[in-house]
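The values are calculated or read from the model by the stated rules, or taken from the named source; none is laboratory data. If you're wondering where the values come from, they're calculated on a predicted model, not measured in any experiment. In this analysis, Cβ positions are derived from the backbone assuming ideal geometry, glycine residues included, and neighbour counts consider all displayed protein chains. Protein only, heavy atoms only, side chains kept; ligands, DNA and RNA dropped before computing areas. Shrake-Rupley method; radii C 1.70, N 1.55, O 1.52, S 1.80 Å.
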Amino acid sequence: MNVALIGAQWGDEGKGKMVDYLAAEAQIIVRFSGGANAGHTIVRGNEQFALHLIPSGILYPDKTVILGTGMAIDPEAMFAELEMLESRGIDWHGRVLVSDRAHIVLPRYRDIDKTMEAARRKPIGTTGRGIGVTYSMKASRDGVRLADLYDEDRLANLEPGDVEFIRAWVDRLAPLAIDLTDYLYHHRHSYILFEGAQGALLDLDAGTYPYVSSGMSGAAGAAAQGGVGPRSLDRVLGVFKAYSTRVGNGPFPTEFDTDSQSALCQFIRDTGREYGVTTGRPRRCGYLDLVALRYACLANSIDSLILTHLDVYDTLDSFEACVAYRVRGKILEYFPAAIRDLEDAEPVLRSFRGWKRSIADVKEYDQLPLEAKDYISFIEEYTGTAIDLVSIGYERERTIVRKSPWIRY
Ligand code: IMP
């Protein structure tokens, strides 16, 4: 069974925790896009792990994790992460594999990324990890894949420093390479979790272009870049937070006002630990944007949603969510492509009552306060999509399951 899990907002929705949680029932976890620009946090007991490249299922001793075809792989960052895991008692040998069609991030790409960003009058706010440059090189047919590492003809167009870099890593990288499609065909009876990076609104095509990442962050990427065909995906899950955040630049219609809502913004940022895992940047915060979430559901065939960070609202008397945009006097109920429309969009907000108690120890959906269930029902109705799991804390056990994604209903 093939289940894809993607972020349904601008990244940082809690995918790391949810992949870690759902991986308990999977045998194989395939991360299909992005690179060391991503940051996934996983809490296990008293320990916290920050992963950037390695799929979140790695913490289980018996899972195979695969870095898929759509990933941009920086060997220095990947082996540093593997060494970190090993130093903390996670044995990865023999169960970390890499698609031989995945592209390599060369060190000079990071410099080009930073130079291009510095030259932009309106910067994107990239993480500077060379990911955009790697995908540009791929599109211009100048990239290097794992499959090319021993092919002198393929290396002929590279600069001498690139070749030196590749030679330094090839012996460690090559043993991890697999033909992903063939591998997954031979494991077609396994439970496979396809892990997305970034989020639907940072997807190169469907996101808020040009303020996006450069890979396929949407569900289509799970197939195209995860090694299987589109009809092989049995279920698509979208993870979203009770509110919204965004790192880097770009339109954000529900962003809290820096003056009138600065205390609320700081409260959410601190309670939800909204600081970048990769860059440490404070995340921009705002109320949930249902217009954007519905768009993410439609653009990605999301079968069911996973709501995270609901506990962050525990102490609020009331809160709001955006149900439409007012753009230069006109009401829009869809997510427009034009950046100007999104920048001019004033959110039309609906108010919700808070529950004013801790939900940290809730085990069953029915034990949630009525006000929390009202919020959930409204989101389901608005998006036309069921919320099957609710996360109420960082730990694995703080997860309420209404319907398991691994069961065919
Ligand atoms: P890049 O992917 O480093 O080029 O960054 C492009 C945009 O995507 C920037 O606004 C980044 O902050 C954002 N971005 C990239 N990866 C992530 C992520 O994992 N979470 C949230 N935002 C991200």
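R129 satisfies every condition listed in (1) among the charged types (D, E, K, R); (2) in contact (Cβ under 8 Å) with a residue 24 or more places away in the chain; (3) farther than 19 Å from H52 by Cα except (3). Taking the criterion of being part of a strand (DSSP E or B) and aromatic (F, W, Y), the only residue of region 25-50 that qualifies is F49.
When the criteria are applied in full, L85 meets the requirement of being without any contact (Cβ under 8 Å) to a residue 60 or more places away in the chain and either assigned to a strand (DSSP E or B) or more than 18 Å from A174 (Cβ to Cβ) (or both). Applying the criterion of being within 22 Å of S190 (Cβ to Cβ) and buried (at least 24 other Cβ atoms within 10 Å of the Cβ) to the residues of region 3-17, the residue that is farthest from the ligand (Cβ to nearest atom) is A4. Can you spot a residue in region 42-55 that is on the phi > 0 side of the Ramachandran plot and over 16 Å from the mean Cα position of the chain (by Cα)? Within region 42-55 (the criterion being on the phi > 0 side of the Ramachandran plot and over 16 Å from the mean Cα position of the chain (by Cα)), the answer is yes, since at least one residue qualifies.
Let's see how each residue does on (1) open to solvent by 60 Å² or more (accessible area, probe 1.4 Å); (2) at negative phi:
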residue	(1), (2)
Y209	yes, yes
V212	no, yes
G250	no, no
E255	yes, yes
D259	yes, yes
Q266	yes, yes
R273	yes, no
P282	yes, yes
Y287	no, yes
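Does A23 satisfy the criteria of being within 14 Å of the ligand (Cβ to nearest atom), touching a residue at least 60 places away in the same chain (Cβ under 8 Å) and of a type in the set (A, V, I, L, M, F, W, C)? No.
Taking residues in region 93-115 that are of a type in the set (V, I, T), and partners anywhere that are open to solvent by 60 Å² or more (accessible area, probe 1.4 Å) and assigned to a helix (DSSP H, G or I), the pairs with Cβ atoms closer than 9 Å and at least 6 places apart or on different chains are V105/E76; I112/S136.
Within the option set V96, V105, being hydrophobic (A, V, I, L, M, F, W, C) and either outside the structural domain of G68 (by TED's automatic domain parsing) or more than 20 Å from D162 (Cα to Cα) (or both) holds for one residue only, V96. Residues in region 34-50 that are within 16 Å of E274 (Cα to Cα), open to solvent by less than 20 Å² (accessible area, probe 1.4 Å) and among the small types (G, A, S): A38, G39.
Scan region 235-243 and give yes if some residue there is of a type in the set (S, T, Y), in contact (Cβ under 8 Å) with a residue 24 or more places away in the chain, open to solvent by less than 20 Å² (accessible area, probe 1.4 Å) and within 30 Å of L22 (Cα to Cα), otherwise no. Taking every residue of region 235-243 in turn, at least one turns out to be of a type in the set (S, T, Y), in contact (Cβ under 8 Å) with a residue 24 or more places away in the chain, open to solvent by less than 20 Å² (accessible area, probe 1.4 Å) and within 30 Å of L22 (Cα to Cα). Here I66 passes the criteria (1) in contact with a Pro (Cβ under 8 Å, 6 or more places away or on another chain); (2) farther than 24 Å from T127 by Cβ; (3) of a type outside the set (D, E) except the one numbered (2).
Here region 72-88 is the region considered, the condition is being aliphatic (A, V, I, L, M) and in contact with a helix residue (DSSP H, G or I) (Cβ under 7 Å, 6 or more places away or on another chain), and the residue that is surrounded by the most Cβ atoms within 10 Å (Cβ to Cβ) is A72.
Scanning region 51-71 for residues that are part of a strand (DSSP E or B) and closer than 20 Å to Y183 by Cα, we see that the one that is most open to solvent (accessible area, probe 1.4 Å) is T64. If you check R95, R120, R31 for being among the basic types (K, R), within 16 Å of the ligand (Cβ to nearest atom) and surrounded by 16 or more Cβ atoms within 10 Å (Cβ to Cβ), only one passes: R31. Among the criteria (1) away from the ligand (no atom under 14 Å from the Cβ); (2) surrounded by fewer than 20 Cβ atoms within 10 Å (Cβ to Cβ), the one L146 does not fulfil is (2).
Taken over region 150-169, the criterion of being surrounded by 14 or more Cβ atoms within 10 Å (Cβ to Cβ) and not in a loop (DSSP other than H, G, I, E, B) is satisfied by R154, L155, D162, V163, F165, I166, W169.
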